[in-house]
Amino acid sequence: MKKYYLLAIALLISFAFYSCSDNSTNPEPAAQKGSIYITSNPSGAQIWNNNTNTNKITPDSLTGLDAGSYSITLKYQGLRDTTISVAVNAGETTKLSVKMPLSTVTYPVVRIYETIGTTGKPSGLILSTGQPSGISSTAPDRAKVDLYYSSSGFVLASADQASGLTRVTFFKVGNSTTLTDTVSAPAKDQSWVKSVPDTESNYIFVYDNDQHYSKIRIVNKGGGVPGEPAWVDVVVVYNQQAGDRRF
């Protein structure tokens, strides 16, 4: 009889437990978060989210975001800010690739003359302004000259190759004659040289003393005969952002 009594109690306990379990409310699952993976060209741009600095720079991710729309602003010194609205979905990563606005300027054709027998005619070129300059000791802007047209070998040469000039400039010949082909300069390395002949028809990448890249092309040349010194006409595309190789 005692066994039946214990069995009845066990059945009652089991039924009560089942009833409680059946009537309980399961907790709502936690909402999944989303993320944004951000890259930029050039890299190293500050990432701002909804007007707040995230203290991150590209490439990097913003994680733990609720589903919704976010205003992402990239800031890069010397370039205009870029702001893009980005939609984030729960449990997903949104990829954002941004090309920052270029800060290049194309100057009008400038003529420079060979260094021998051209007193009063400019032999030097200042890349940042696209202006010619004399290179003699009395020339007011000689310290700003990046390159000059040398009578020795008839080359465009780094300014530091001339007496009294100090700015160091390097050259790398490109693969096209079209300055507007949007091809970026290769990174400055040991293959860059300090002079290029005036017979070069392709455009030339230039890296100056301030770590700015330019893209130049000799578009015309003449002179070099008695009574007429040699000269070259040059077009300069100057990138105003140091280290930015894009054009």
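The values are calculated or read from the model by the stated rules, or taken from the named source; none is laboratory data. If you're wondering where the values come from, they're calculated on a predicted model, not measured in any experiment. Positions of Cβ are generated from backbone atoms using ideal geometry, with glycine treated the same way; all protein chains shown enter the neighbour counts.
Quickly run through the range 106-127 and pick out the residues that are surrounded by fewer than 18 Cβ atoms within 10 Å (Cβ to Cβ), at pLDDT 95 or above and in contact with a Ser or Thr (Cβ under 9 Å, 6 or more places away or on another chain). Residue satisfying the conditions is Thr106 alone.
When the test is whether a residue is at pLDDT below 95 and among the β-branched types (Val, Ile, Thr), Val196 does not pass it. With respect to the conditions (1) modelled with pLDDT under 95; (2) in a strand (DSSP E or B), Tyr148 lacks only one, and its number is (1). Among the numbered conditions (1) in contact with a Ser or Thr (Cβ under 9 Å, 6 or more places away or on another chain); (2) of a type in the set (A, V, I, L, M, F, W, C); (3) surrounded by 13 or more Cβ atoms within 10 Å (Cβ to Cβ); (4) within 30 Å of Val145 (Cβ to Cβ), the only one that Leu96 does not meet is (4). Contact map, the range 185-211: residues that are in the same structural domain as Lys144 (by TED's automatic domain parsing) paired with residues that are aliphatic (A, V, I, L, M) and modelled with pLDDT under 95, Cβ distance under 6 Å, separation 6+ or inter-chain. Pairs shown: Gln211/Ala242. For Arg80, the conditions (1) surrounded by fewer than 17 Cβ atoms within 10 Å (Cβ to Cβ); (2) outside any loop (DSSP other than H, G, I, E, B) are fulfilled apart from (2). In this structure, is Val225 modelled with pLDDT of 95 or more and not hydroxyl-bearing (Ser, Thr, Tyr)? No, not satisfied. From the list Ala185, Ala230, the one residue that fits, being surrounded by 15 or more Cβ atoms within 10 Å (Cβ to Cβ) and under 30 Å from Leu79 (Cβ atoms), is Ala185. Within the set of pairs 6 or more residues apart or between chains, which connect a residue that is in contact (Cβ under 8 Å) with a residue 60 or more places away in the chain inside the range 137-158 to a residue that is buried (at least 17 other Cβ atoms within 10 Å of the Cβ) and part of a helix (DSSP H, G or I) with Cβ atoms less than 6 Å apart? Once the first residue is in contact (Cβ under 8 Å) with a residue 60 or more places away in the chain and sits in the range 137-158, its partners that are buried (at least 17 other Cβ atoms within 10 Å of the Cβ) and part of a helix (DSSP H, G or I) give Asp146/Ala159.
Just one of the listed residues (Thr166, Thr177) is part of a loop (DSSP other than H, G, I, E, B), out of contact with any Asp or Glu (no Cβ under 7 Å at 6 or more places or on another chain) and either within 19 Å of Pro229 (Cβ to Cβ) or at pLDDT 95 or above (or both), and it is Thr177.
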